[in-house]
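J.: Sharing a structure here in structure tokens format.
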């Protein structure tokens, strides 16, 4: 059984850490917001700027879509502030309750990122 953080009695979250070559850290949180519905945020932890959280696109019935939107957001963010920086690590510290490791690897590969995601 996967480990799931419980944010509140009605919200479970899949926590994913994304690191870049230049030391930036992003935290993707995909929230289960009711039966079969997902919402997500990306928190930017950048030494060069103020940390901020951003909501991805509208709620989805697919956690995979939320993961893809979050990674695309990170790629876009990096392109806008430092096009020489890139994603070098994606780590799931608490298992993969919503987007499984295999699915994450397919999504990142489809987005042109040549890494394997880590779990625990």
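J.: Quick one: how many residues across the stretch 20-37 are modelled with pLDDT of 90 or more, buried (at least 16 other Cβ atoms within 10 Å of the Cβ) and part of a strand (DSSP E or B)?
T.: From the stretch 20-37, those modelled with pLDDT of 90 or more are 20-30; that's our starting set.
Okay, now just the ones that are also buried (at least 16 other Cβ atoms within 10 Å of the Cβ), so 20, 24, 26-30.
Imposing the further condition that a residue be part of a strand (DSSP E or B) reduces the set to 20, 26-30.
Here the count works out to 6.
J.: Given 107, 74, which one is touching a helix residue (DSSP H, G or I) at 6+ places or on another chain (Cβ under 6 Å), buried (at least 16 other Cβ atoms within 10 Å of the Cβ) and part of a helix (DSSP H, G or I)?
T.: Result: 107 is the single residue among 107, 74 that is touching a helix residue (DSSP H, G or I) at 6+ places or on another chain (Cβ under 6 Å), buried (at least 16 other Cβ atoms within 10 Å of the Cβ) and part of a helix (DSSP H, G or I).
J.: It is to be established whether one or more residues within the stretch 53-70 are loosely packed, with under 14 Cβ neighbours inside 10 Å, over 24 Å from residue 110 (Cα atoms) and either at pLDDT 90 or above or touching a strand residue (DSSP E or B) at 6+ places or on another chain (Cβ under 7 Å) (or both).
T.: Checked against the condition, which is being loosely packed, with under 14 Cβ neighbours inside 10 Å, over 24 Å from residue 110 (Cα atoms) and either at pLDDT 90 or above or touching a strand residue (DSSP E or B) at 6+ places or on another chain (Cβ under 7 Å) (or both), the stretch 53-70 yields at least one hit.
J.: In addition: Please go through (1) surrounded by fewer than 17 Cβ atoms within 10 Å (Cβ to Cβ); (2) out of contact with any strand residue (DSSP E or B) (no Cβ under 7 Å at 6 or more places or on another chain); (3) modelled with pLDDT under 90 for residue 46 and return the number of the only condition it doesn't satisfy.
T.: Failing condition for residue 46: (1).
J.: When the residues of the stretch 51-64 are narrowed to those that are outside any loop (DSSP other than H, G, I, E, B) and in contact (Cβ under 8 Å) with a residue 24 or more places away in the chain, which ends up nearest to residue 103 (Cα to Cα)? Don't jump to the end; show me each part of the working.
T.: Taking the stretch 51-64 first, the residues outside any loop (DSSP other than H, G, I, E, B) are 52-55, 60, 63-64.
Remaining after also requiring in contact (Cβ under 8 Å) with a residue 24 or more places away in the chain: 63-64.
On the way: 63: 10, 64: 7 Å.
Among those that are outside any loop (DSSP other than H, G, I, E, B) and in contact (Cβ under 8 Å) with a residue 24 or more places away in the chain, it is 64.
J.: Go through the stretch 77-104 and give me each residue that's closer than 16 Å to residue 21 by Cα and not in a helix (DSSP H, G or I).
T.: Those that are closer than 16 Å to residue 21 by Cα and not in a helix (DSSP H, G or I): 82, 83, 84, 85, 86, 87, 88, 89, 90, 91.
The values are calculated or read from the model by the stated rules, or taken from the named source; none is laboratory data. Keep in mind the model is a prediction, meaning the values are calculated, not measured. No Cβ is skipped: glycine too gets one built from the backbone with ideal geometry, and neighbour counts run over all protein chains shown.
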